[in-house]
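Trainee: After the structure tokens below, expect a handful of questions from me.
All of the numbers you see were taken from the coordinates with simple rules; none came from a lab. What you are looking at is a predicted structure, and each value in this text was computed from that prediction instead of being measured. Don't worry about glycine lacking a Cβ; one is built from the backbone with ideal geometry, like all the others, and counts go over all protein chains shown.
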Amino acid sequence: MGTTRIRVDPDGPATFPKGRIDAARVDATTEAEIVAQEREDEEEAMQDMARYARRVRRRMGLSQTEMARRIDVSPETIRNWEQGKRCPTGAARALLRVLDRAPETALRVLQGRTLEDDRRTTEPRGGSLEDVPSIRGRGAFRPWMIARHRSPRPRACSWPMR
């Protein structure tokens with residue numbers, strides 16, 4: 001695939017590249033059609049987040065009830081996330097991302113275990129954990145803060161999916 005270089009003069013709109021839109025159709029779009037498209041986009045974003053939350057839980061091999069117990073939220077909250085009725089916000093969204101990338105570490109922290117506790121049961125391969133600082137007492141994540149905020153209506157989830 002080749003590279004195309006374009007020179008654009010900010011003072012001359014005629015130099016802007018032509019887009020692939022139908023200008024007549026855009027001008028003919030009504031407010032009702034715009035609102036309907038927004039609603040459709042919002043529903044699609046909620047379903048994307050629902051699929052993401054379900055995927056994270058399934059990759060960890062947990063039931064909805066077990067996941068709820070481990071992250072200290074109600075099973076109804078997990079159910080609502082996975083059905084697209086609600087969207088995790090703030091700390092819950094950050095927790096899902098951490099659970100997706102490093103589930104064992106996140107669950108260990110949520111259970112209040114330190115690296116020293118894990119060392120007693122299994123010795124890591126290739127060295128000791130002397131250099132790794134403990135997170136206990138340093139403003140660690142507080143799972144009971146998840147899902148305390150309830151918005152009056154579900155909002156679209158703006159989530160960068162990978």
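Trainee: P(r) for the range 14-79, please, calculated from all Cα pair distances in 5 Å bins and given in %.
Mentor: All Cα pairs, binned at 5 Å, distribute as 3, 14, 14, 13, 10, 9, 9, 7, 7, 9, 4, 1 percent.
Trainee: Starting from the 7 Å offset along Cα-to-Cβ, what nm value, one decimal, do you get for the label separation of residue 54 and residue 38?
Mentor: 2.8 nm
Trainee: Modelling each spin label as a point 7 Å along the Cα-to-Cβ direction, I'd like the residue 63/residue 79 distance in nm, to one decimal.
Mentor: 1.3 nm
Trainee: List 85, 18 from most exposed to least, where exposure is judged by having the fewest other Cβ atoms within 10 Å.
Mentor: The most exposed by this proxy come first: 18, 85.
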